[in-house]
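Accompanying notes for the structure given below.
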Amino acid sequence: MRNVALFGTAALALALGASAAHAQSMTLTSTEISEGATVPTEQVRCKGPSISPSLKWSGAPSGTKSFAITMYDPDAPTGSGFWHWVVFDIPPTVTSLPKNAGDVKKRLMPKGAIQARNDDGGFGYTGPCPPPGDPPHHYTITVFAVDLAKLPKLDRHATPAYIGFNLHFHTLAKATLMATYGVPAEKK
């Protein structure tokens, strides 16, 4: 009986290790934003032109039929964070986005990709702009490898939370890039 328990434990450890290794094989990088660094002014809304960063990803698992990208601030004083960017239905042959692809007027997104409404009320990318004096906020950009070519019953008017709910059930792997940004308190 002890051998069966040890075998079961070993099999579970191997499965979890393989799953973790598989999940860690996907990477996300940006020319403009570095992991753990401060978001550059160019990507900021309140002090800059709010230009979305270029993104490049690799290591998606086989079976990936599309990609999605989100940028989320869990530190926003809203009770539910703040979604700065949500893109889904990116074709599986695409593994990068150019700088400023988040500007819907520029039409730099690949054909078929949908930029949903962000929590600022607009569509596409809106850069960081935390309240002055808050500790620096954390901005997490995530690329999702999705098992469907199109997320069902979603369009650009879907809320970021509902898109995230659908991504939860259809994500094969993901990679993240986190940076911070803060605005000093205004002097009186």
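Would region 43-55 turn up any residue that is among the charged types (D, E, K, R), surrounded by 14 or more Cβ atoms within 10 Å (Cβ to Cβ) and assigned to a strand (DSSP E or B)?
No, region 43-55 contains no residue that is among the charged types (D, E, K, R), surrounded by 14 or more Cβ atoms within 10 Å (Cβ to Cβ) and assigned to a strand (DSSP E or B).
Every residue in region 56-91 that is in a loop (DSSP other than H, G, I, E, B) and of a type in the set (D, E), please.
Result: D75, single match.
For region 121-156, which positions are in contact with a His (Cβ under 6 Å, 6 or more places away or on another chain) and in a strand (DSSP E or B)?
V146
Go through region 95-120 and give me each residue that's assigned to a loop (DSSP other than H, G, I, E, B) and either polar (S, T, N, Q) or touching a Pro at 6+ places or on another chain (Cβ under 8 Å) (or both).
Correct list: T95, K99, N100, L108, P110, K111, G112, A113, A116, N118, D119.
Among the residues of region 74-114, how many are over 22 Å from A145 (Cα atoms), of a type in the set (G, A, S) and modelled with pLDDT of 95 or more?
The number of residues fulfilling the criteria is 2.
Could we say that V87 is touching a Phe, Trp or Tyr at 6+ places or on another chain (Cβ under 9 Å), of a type in the set (V, I, T) and more than 14 Å from I141 (Cβ to Cβ) here?
no
Regarding A158, is this residue within 20 Å of A175 (Cβ to Cβ) and not charged (D, E, K, R)?
Considered against the rule, which asks whether it is within 20 Å of A175 (Cβ to Cβ) and not charged (D, E, K, R), A158 comes out as no.
Matching residues to (1) of a type in the set (S, T, Y); (2) at pLDDT 95 or above:
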position: T27; (1), (2): yes, yes
position: T31; (1), (2): yes, yes
position: S34; (1), (2): yes, yes
position: K47; (1), (2): no, no
position: F67; (1), (2): no, yes
position: M71; (1), (2): no, yes
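Being at pLDDT 95 or above, more than 24 Å from V44 (Cβ to Cβ), surrounded by 14 or more Cβ atoms within 10 Å (Cβ to Cβ) and touching a helix residue (DSSP H, G or I) at 6+ places or on another chain (Cβ under 7 Å) is the requirement here; does F144 meet it?
For F144, the condition - at pLDDT 95 or above, more than 24 Å from V44 (Cβ to Cβ), surrounded by 14 or more Cβ atoms within 10 Å (Cβ to Cβ) and touching a helix residue (DSSP H, G or I) at 6+ places or on another chain (Cβ under 7 Å) - is met.
Among the residues of region 151-164, are any within 22 Å of D75 (Cα to Cα) and crowded, with 20+ Cβ neighbours inside 10 Å?
Checked against the condition, which is being within 22 Å of D75 (Cα to Cα) and crowded, with 20+ Cβ neighbours inside 10 Å, region 151-164 yields at least one hit.
The values are calculated or read from the model by the stated rules, or taken from the named source; none is laboratory data. What you see is a predicted model, and the numbers here were worked out from it, not measured in a lab. We place every Cβ from the backbone using ideal geometry, glycine too, and count neighbours over all the protein chains shown.
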